[in-house]
Amino acid sequence: MSEAFNPVATFIDAANEAVKTITEDVVKEQLARVGLSSLLVAASGPVAAIVVGHIMTPVIQAFLVQIDPIEQRLDTILKEPLQTGVQLARQAVNLHSSADIDKRLKESLFVSALESFERAHSYAEINKKYDESRRIRFNQALLAKAMGSASSALYWTAARAVLDQEYSETRQRLANLNDVRSLASKEIAYGGKGADVVDARKRIEEADPKTVKAYDYKWAEQYLRKHLKERAIYFFERSRKPVVETALAEFLSDVARARLTKIEAFLRFMTIEPDR
């Protein structure tokens, strides 16, 4: 699969779309007050469970899109069980009847989907297709959670290692950025350059992320030199570096904190049992 798998972004996008249709007043009130990510991180169990119950199906559907092999160039031996699993899972999540016979059919479809994905996962692991392997595990965890299966813990344990590692790395990145910002801020604290930091921060925010490979100091300095010069704003050589470092560190710190909140939301989502 060509594009990198981002389970958190997929989850947040699907959840934000799903909550637009929620009708319970208590949930609407909570969402208006704290927003989706904060709600799933900090809200009381009953309220969070209501939200989980409402957004489960759209989240599953979004993850199934990520794993659907129809337009992907995959080996036949991997493509077949993946496609079968996706079809079975979609049939299950689209079955809404409360009749006992339909509930049994829904569970049977979920189980069959999990088994198909397990065959695909085994092949992906053997052939070191680790991105596909992770996609499969996240889908299995979501399906098992939706059907209330104890196996969801097993799938989730395997899948969450990816998020735990990113969470740890992001926290460390945030700590490093705070150190950079603290040191750079001291250099300009008495230099009257606070307005320049604000302006530099604004300029960085306006940059098109699609044209930037990585937000780092070298890129930021080159970008700001060009744009600040256009506005006839010049830094002394000794002050340019701390101003740019402070502005960039502030911006990246906000990005890192937002990412941590989203990861926390997904982790909490996977540990809350939805109202059934």
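The values are calculated or read from the model by the stated rules, or taken from the named source; none is laboratory data. Bear in mind that the values here come from a model prediction, so they are computed numbers and not experimental data. Cβ atoms come from the backbone with ideal geometry, glycine included; neighbour counts cover every protein chain shown.
Enumerate the pairs (first residue in region 152-176 and closer than 11 Å to Arg134 by Cα and at pLDDT below 95; second residue anywhere and of a type in the set (S, T, N, Q) and part of a helix (DSSP H, G or I)) with beta-carbon separation below 7 Å, excluding pairs fewer than 6 apart on the same chain, so at least 6 apart or on different chains.
So the pair list comes out as Tyr155/Gln140.
Looking at region 142-159, which of its residues are in contact with a Ser or Thr (Cβ under 7 Å, 6 or more places away or on another chain) and surrounded by fewer than 24 Cβ atoms within 10 Å (Cβ to Cβ)?
In the first step, residues of region 142-159 are kept if they are in contact with a Ser or Thr (Cβ under 7 Å, 6 or more places away or on another chain); the result is 144-145.
Selection gives Ala144 alone.
Six or more apart or on different chains, Cβ under 9 Å: which pairs go from a residue in region 201-214 that's assigned to a loop (DSSP other than H, G, I, E, B) and at pLDDT 65 or above to one that's surrounded by 12 or more Cβ atoms within 10 Å (Cβ to Cβ) and among the hydroxyl-bearing types (Ser, Thr, Tyr)? Could you list them?
That search, which allows pairs on different chains as well, returns Ala207/Tyr215; Ala207/Tyr223.
How do the helices (runs of 4 or more DSSP H) wholly within region 85-194 filter down when requiring 1 or more residues that are aliphatic (A, V, I, L, M) and in contact with a Pro (Cβ under 6 Å, 6 or more places away or on another chain): which remain?
Per the criteria, 100-126, 151-188.
Condition test on Tyr217, is it at negative phi, among the aromatic types (Phe, Trp, Tyr) and modelled with pLDDT of 85 or more?
In short, no.
Here is a yes/no grid of residues against (1) among the hydroxyl-bearing types (Ser, Thr, Tyr); (2) surrounded by 17 or more Cβ atoms within 10 Å (Cβ to Cβ):
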position	(1), (2)
Lys20	no, no
Val26	no, no
Ser38	yes, no
Ile55	no, yes
